[in-house]
Amino acid sequence: MRGMLKTGVGLAGWLACALVNADMLSDGYRLSAEPGDALEIAAPQLPDLSVYTAAAAEAKIQQKPAGRAVVREMLHEDALDEFIGGDERLKEWVVRQKRMPQAIFIEKGYLDTADLARQLPKDYFAETEPGVYLARLPIIVRPGATLHIDRNTRELRLSQEAGAFLVNDGRMFITGTRVTAWREKEGGPALWREAKEFRPYFLAWGGTETYVVDSIIQSFGYDASKAYGFSISQYSPSMAPKMKRSRPTGWLINSRFIDMWYGFYCYESDDVVIRGNTYEHNIVYGIDPHDRSRRLIIAENEAFGTRKKHGIIISREVNDSWIINNKSHHNQLSGIVLDRSSVNNVVALNETYKNQADGITLYESPRNLLWQNRSMNNERHGIRVRNSLDVSLHGNLLAANKLTGVYGHTKDLRGTDRDLGEDPFDPRVSLRIVGDQLVGNGSSPISIHSPTRLELYRLSILAPQKSSGISFSGLLGERQGEIMDILLRQRRAVLIEPAGSLASKE
């Protein structure tokens, strides 16, 4: 009897152990089957784009009262502090103008390009042929003033040799025209040659409105603060105490941005609309909204041929925004990137293909939704997620990417970037992947390393490139058969999460 009891206890212990281990993966993870309906995500509410049109932008123009243009020295001008302050930047204009630098200031009302030509000396601003104007000084639009580069202007050329550029500190409209950084010696656009070479640029400051419609902007920008290309920015921290104004905004609609250092850049800007533009062969980025910008709409654009980095990227707390219906392809790195704590964004209905890195990349950016995107034929991953919690993927098509369809991982960034200070990004990743199609990706449909939580439901996995068939890697590869059984035969959701001591560390 004692022997039978001993044997029974041993058998019971073995069975209990087997049952406990049945749902355990290596490294302390638990796998379970869950009802899938609760994982379904409602379609995101997208902004109404029909209100952002050329006609709506031009309706905002107020042509009265008439303004005036004056030429004054650049010194002691608040809107120019960034360009004549530290790093000996004033020298740039002293050398180019061969005197104490001057600029054109638009004051107290509305002016168009023809008005500038009538009011200014021809040495500074001239009509060189019908409808073509050349500016040889910087042009600054003061608060309360409006500059309109209109459809009667075939082209406004900003002289590289003379150091011309545009600063909007009021309201700016560019409609149905072309604005070009111009190399007078060559009689053509100031095409990019090197990072530190001055090229004309556009900057709109805090409290301003900027509208670009049906126009071409070419060859702006270089590697210098606020001179990146086409920029909309709140005042720099050094200027903020004396320049307290609301955050800037603007619409860029149905236009082309070509050979720019950055095709678009913004900083602490609100409600900017970037719709229906093309960003062609720009140098560092196509579209690059930055620090603490909010409620942006980036829709129906095409970004391609970016030479150094990404087609579209939002970075450093760019929140509550929409990246929808864009095409980003043939860029040197990724098609679309969310970076550095950019949260509560919707990335939906985009096409990213033939990029040299990933189709869509999330770095250190939690609580974002990727909805029905198509990411195909990229040199690395279809979607890559690093150090980001609560990221939801729903209904994406990830096909023929060289590495994985979805790749999730963590990375300890301490000591890699001085901007991180003593509070590095949280090295955890959690994903919900529902209804995605993973077709013909190179190394694996899905590869997830060290997740805090992973939910998989209603996936379609087709056309594996490996001769051995569908092959998960890493954590999922250990129990691939059970995972596929839960997904395909049981039609339930797979939940993978840490257990035991590993869970206590999370």
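Identify, from the list 269, 293, the residue that is among the small types (Gly, Ala, Ser), surrounded by 22 or more Cβ atoms within 10 Å (Cβ to Cβ) and assigned by TED's automatic domain parsing to the domain that holds residue 214.
That would be 269, the only listed residue that is among the small types (Gly, Ala, Ser), surrounded by 22 or more Cβ atoms within 10 Å (Cβ to Cβ) and assigned by TED's automatic domain parsing to the domain that holds residue 214.
Go through region 351-399 and count every residue that is under 15 Å from residue 326 (Cβ atoms), part of a loop (DSSP other than H, G, I, E, B) and small (Gly, Ala, Ser).
1
I'd like the residue in region 105-135 that is in a helix (DSSP H, G or I) and of a type outside the set (Gly, Ala, Ser) and, out of all such residues, is nearest to residue 178 (Cα to Cα).
113
Six or more apart or on different chains, Cβ atoms under 6 Å: show the pairs whose first residue is in region 363-386 and closer than 21 Å to residue 330 by Cα and whose second is in a loop (DSSP other than H, G, I, E, B) and among the basic types (Lys, Arg).
Once the first residue is closer than 21 Å to residue 330 by Cα and sits in region 363-386, its partners that are in a loop (DSSP other than H, G, I, E, B) and among the basic types (Lys, Arg) give 377/354; 379/402.
For region 131-139, indicate whether the set of residues that are surrounded by 23 or more Cβ atoms within 10 Å (Cβ to Cβ), of a type in the set (Ser, Thr, Tyr) and within 35 Å of the chain's Cα centre (by Cα) is non-empty.
no
Give the residue that is nearest to residue 426 (Cα to Cα), with candidates limited to residues of region 451-506 that are hydroxyl-bearing (Ser, Thr, Tyr) and at pLDDT 90 or above.
Ranking the candidates gives 452 first.
Kindly provide the set of residues from region 333-357 that are surrounded by 24 or more Cβ atoms within 10 Å (Cβ to Cβ), over 17 Å from residue 317 (Cβ atoms) and out of contact with any Phe, Trp or Tyr (no Cβ under 8 Å at 6 or more places or on another chain), ordered by number.
Within region 333-357, 334, 336, 350, 352, 355 meet the criteria.
Looking at region 153-198 only, could you name the residues that are over 29 Å from residue 61 (Cβ atoms) and either part of a strand (DSSP E or B) or not assigned by TED's automatic domain parsing to the domain that holds residue 107 (or both)?
Hits for region 153-198 are 183, 188.
Anything in region 136-152 that is outside any strand (DSSP E or B) and either outside the structural domain of residue 111 (by TED's automatic domain parsing) or not basic (Lys, Arg) (or both)? List them, or say none.
137, 138, 143, 144, 145, 150, 152 - these are the residues of region 136-152 that are outside any strand (DSSP E or B) and either outside the structural domain of residue 111 (by TED's automatic domain parsing) or not basic (Lys, Arg) (or both).
Report yes if residue 302 is surrounded by fewer than 24 Cβ atoms within 10 Å (Cβ to Cβ) and outside the structural domain of residue 174 (by TED's automatic domain parsing), otherwise no.
yes
Within region 97-111, can you find the residues that are within 29 Å of residue 175 (Cβ to Cβ) and surrounded by fewer than 22 Cβ atoms within 10 Å (Cβ to Cβ)?
Once the filter is applied, which keeps residues that are within 29 Å of residue 175 (Cβ to Cβ) and surrounded by fewer than 22 Cβ atoms within 10 Å (Cβ to Cβ), region 97-111 yields 102, 107, 108, 109, 110.
Could you tell me which of the residues 215, 219, 246 is more than 21 Å from residue 149 (Cα to Cα) and either in the same structural domain as residue 129 (by TED's automatic domain parsing) or in contact (Cβ under 8 Å) with a residue 24 or more places away in the chain (or both)?
That would be 246, the only listed residue that is more than 21 Å from residue 149 (Cα to Cα) and either in the same structural domain as residue 129 (by TED's automatic domain parsing) or in contact (Cβ under 8 Å) with a residue 24 or more places away in the chain (or both).
From the residues in region 452-469 that are surrounded by 17 or more Cβ atoms within 10 Å (Cβ to Cβ) and without any contact (Cβ under 8 Å) to a residue 60 or more places away in the chain, which one is farthest from residue 395 (Cα to Cα)?
Filtering first and then ranking leaves 464.
Look at residue 352 and say whether it is modelled with pLDDT of 95 or more and over 14 Å from residue 436 (Cβ atoms).
Against the criterion (modelled with pLDDT of 95 or more and over 14 Å from residue 436 (Cβ atoms)), residue 352 qualifies.
Can you tell me which residues in region 427-444 are surrounded by 22 or more Cβ atoms within 10 Å (Cβ to Cβ) and modelled with pLDDT of 95 or more?
429, 431, 433, 436, 438, 441
Give me a count of the residues in region 85-104 that are touching an Asp or Glu at 6+ places or on another chain (Cβ under 8 Å) and outside any loop (DSSP other than H, G, I, E, B).
Number of matching residues: 3.
Residues being touching a residue at least 40 places away in the same chain (Cβ under 8 Å), buried (at least 16 other Cβ atoms within 10 Å of the Cβ), assigned by TED's automatic domain parsing to the domain that holds residue 271 and under 31 Å from the mean Cα position of the chain (by Cα): count how many of those fall in region 43-94.
Final tally of qualifying residues: 7.
Does any residue of region 486-494 turn out to be touching a residue at least 24 places away in the same chain (Cβ under 8 Å), surrounded by 15 or more Cβ atoms within 10 Å (Cβ to Cβ), of a type in the set (D, E, K, R) and not in a strand (DSSP E or B)?
Within region 486-494, one or more residues are touching a residue at least 24 places away in the same chain (Cβ under 8 Å), surrounded by 15 or more Cβ atoms within 10 Å (Cβ to Cβ), of a type in the set (D, E, K, R) and not in a strand (DSSP E or B).
The values are calculated or read from the model by the stated rules, or taken from the named source; none is laboratory data. Worth saying up front: this structure is predicted, and the values here are computed from it rather than measured. FYI the Cβ positions are ideal-geometry reconstructions off the backbone, even for glycines, and counts take in every protein chain you see.
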